[in-house]
1. Given the criteria in a loop (DSSP other than H, G, I, E, B) and either open to solvent by 20 Å² or more (accessible area, probe 1.4 Å) or in contact with a helix residue (DSSP H, G or I) (Cβ under 7 Å, 6 or more places away or on another chain) (or both), does residue 157 qualify?
2. From the set of residues in region 84-112 that are open to solvent by 40 Å² or more (accessible area, probe 1.4 Å) and modelled with pLDDT of 75 or more, which is nearest to residue 242 (Cα to Cα)?
3. Any residue at all in region 49-65 that is under 18 Å from residue 202 (Cα atoms), open to solvent by less than 20 Å² (accessible area, probe 1.4 Å) and at pLDDT 95 or above?
4. Output yes when any residue across region 180-201 is assigned to a strand (DSSP E or B) and in contact with a Leu (Cβ under 7 Å, 6 or more places away or on another chain), and no when none is.
5. Say we look at region 33-48 and pick out the residues that are part of a loop (DSSP other than H, G, I, E, B) and of a type outside the set (A, V, I, L, M); which of these is most open to solvent (accessible area, probe 1.4 Å)?
6. Quick one: would you say residue 162 is under 29 Å from residue 58 (Cβ atoms) and open to solvent by less than 20 Å² (accessible area, probe 1.4 Å)?
7. Across region 150-188, what is the number of residues that are closer than 19 Å to residue 243 by Cα and either of a type outside the set (A, V, I, L, M, F, W, C) or at pLDDT below 95 (or both)?
8. Given (1) over 29 Å from residue 13 (Cα atoms); (2) open to solvent by 40 Å² or more (accessible area, probe 1.4 Å); (3) touching a helix residue (DSSP H, G or I) at 6+ places or on another chain (Cβ under 9 Å); (4) not hydroxyl-bearing (Ser, Thr, Tyr), where does residue 177 come up short, assuming only one miss?
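The values are calculated or read from the model by the stated rules, or taken from the named source; none is laboratory data. Note that the structure is predicted; figures quoted are calculated from it, not measured. Virtual Cβ from ideal backbone geometry, glycine too; neighbours counted across all protein chains shown. All accessible areas refer to the heavy atoms of the entire protein, side chains included, with ligands and DNA or RNA removed. Shrake-Rupley method; radii C 1.70, N 1.55, O 1.52, S 1.80 Å.
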Amino acid sequence: MAAAIMTAALATYSDAGVRRAGLIKDGELYALPENVPEWAKKDLFGWMTHWDEAEKKIDAWLQAVETPIAEGLEALRAPLLPTRIFAAASNYVEHADEMGTALQAKKDSQPYMFTKVSTTVVGPGEAVRIPLQSKKVDWEVELGAVIGRRGRRIRTSEALSYVAGYTVVNDISARDLTRRSDYPFKFDWFQGKNFDTFCPLGPWIVPCRSIEDPQNLRLRLDVNGETMQDASTASMIFTVAEQIAYLSTMLTLEPGDVIATGTPTGVGMGRGVFLKPGDVMSASIERIG
């Protein structure tokens, strides 16, 4: 079953090639009212840097919109272009098992995090480019938490208050390029995770107030109409809050940062099936889109 569209969400769309922030209301895309501040107009990165103010204005702006954008949801782009994307590895027990990384699946350890660069981001409907040097390009549907408040050494009990909203992330991976035999170091996750277009993001951001519990959401990913992944965020080893707290022990989390919180079982690597030119992926998360 596909995830239902939220009644209200925050989006970015293309207006004659220019990125603009918009609103999703009852499944349709609307331009913002004319009297919004400058920081709110371009895309949602500005919203994250002014989140305390933006959150208070969402309801009034939703009430003020009138006519949907003619191009509809086809005009959607990645909701924001983050400068930093942090991602959790082997954060579901069954996925850790299928990848042969069960030793990482321990609650008494710490999350295993890596980064993806900004040029990996593409929006809904955009193409993922398969690198010529890879034969094993894979999918990973993940819950993305978008940071809306600056913070360092954040308590786990307070961590979700730093989240502005949630989105859908597809952490594309070149499995045959994450390991190397030509160098003393065994793993090369930078190479395997950071090709251009390797992070489809969107289709929008659902404000955190609409998601009471990020640990109770269904994730699903289909390839060419066949369901590959279908699981719940309840199966995470480290919760969203625990990941935020852990990251903040090392660095200051900034508004606009995105945390991809790990993928469940059902990836191509575990099945021996990988993406081919022309394949169509559809990633969805309950109550997000």
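1. no
2. Among those that are open to solvent by 40 Å² or more (accessible area, probe 1.4 Å) and modelled with pLDDT of 75 or more, it is 110.
3. No: zero hits.
4. For region 180-201, residues assigned to a strand (DSSP E or B) and in contact with a Leu (Cβ under 7 Å, 6 or more places away or on another chain): absent.
5. Among residues in region 33-48 that are part of a loop (DSSP other than H, G, I, E, B) and of a type outside the set (A, V, I, L, M), the one most open to solvent (accessible area, probe 1.4 Å) is 34.
6. Answer is no for this residue.
7. Total meeting the criteria: 15.
8. Here residue 177 meets the rest and fails (2).
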